[in-house]
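Below is one structure, written out as structure tokens, with a few remarks after it.
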Amino acid sequence: MTSLIKVDSIQTSAGGTPTASSLGIGGVGKIGQVVHGLTSTAVNVTTSTFTDTGLTASITPTSTSSKVLIIISQTLVTDRDSEYGRSRFRILRDGSGLANAEWNRLMWIEAGGVGAVKNGGLVAVNYLDTPSSTSSLTYKTQGAAETTTNNGTARFQQNSESSFITLMEVLA
């Protein structure tokens, strides 16, 4: 059995116009909390195995239906003594990689001949996670050199440049 209520208007008991929250529907799609993390500690990754970059932040969602919007701005320089080089990058939640949050060919560089090559900039990533949890969650980034021959290196926060991570709880 279904019911249907039709009205021309709704008023508060004082005769005013109700808000979404006074009707019990407030908070949907709003930001519940924001946490921020930063690091300026240089991390040089000289392996093709994913390694922590030092960028991390934790958040505790208030509801299992909440999502977490992850915003990352991280400095990355890829260098190699010759030929080409690429760096790899991924986001983890509590030590596990997030689906579709791994990028295998960032800061791609290529040069002809035998000269040293270097390229750098910001890795800017937005990712919406659905953790289904009310426990504390720790998000972090990891990086790797795609190849380590010819001194291939992925350099995060080189020269103490700052990198940032912002976590926002999106209420559902």
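Since every read-out is calculated from the coordinates, none of them should be taken as a lab result. Keep in mind the model is a prediction, meaning the values are calculated, not measured. Glycine gets a Cβ as well: all are built from the backbone with ideal geometry, and neighbour counts include every protein chain shown.
Any residue in segment 65-81 that's charged (D, E, K, R): show its pairings with residues that are surrounded by fewer than 22 Cβ atoms within 10 Å (Cβ to Cβ) and not in a strand (DSSP E or B) at Cβ separation under 6 Å, as long as the two are six or more apart or on different chains. From residues that are charged (D, E, K, R), the pairs are K67/T130; R80/N150; D81/A116; D81/N150; D81/N151. Going by the conditions given, is F164 within 16 Å of the chain's Cα centre (by Cα) and under 11 Å from T78 (Cα atoms)? Judged against the criteria, F164 is not a match. Of all residues in segment 117-137, those that are under 16 Å from I71 (Cβ atoms) and touching a residue at least 40 places away in the same chain (Cβ under 8 Å) have Cβ atoms under 8 Å from Cβ atoms of residues that are outside any strand (DSSP E or B) and of a type in the set (V, I, T), 6 or more apart or on another chain, in L137/T60.
Looking at segment 138-163 only, could you name the residues that are buried (at least 18 other Cβ atoms within 10 Å of the Cβ) and in a strand (DSSP E or B)? Break it down stepwise before answering.
Kept after step one, since they are buried (at least 18 other Cβ atoms within 10 Å of the Cβ), are these residues of segment 138-163: 139-146, 152-157, 163.
Within segment 138-163, Y139, K140, T141, Q142, G143, A144, A145, T153, A154, R155, F156, S163 qualify.
For segment 58-65, state whether one or more residues are crowded, with 16+ Cβ neighbours inside 10 Å and among the hydroxyl-bearing types (S, T, Y). Walk me through how you get there before you give the answer.
Residues of segment 58-65 that are crowded, with 16+ Cβ neighbours inside 10 Å, as a first pass: 59, 61.
Cutting the leftovers down to among the hydroxyl-bearing types (S, T, Y) gives us none.
The answer is no, given that none of the residues of segment 58-65 is crowded, with 16+ Cβ neighbours inside 10 Å and among the hydroxyl-bearing types (S, T, Y).
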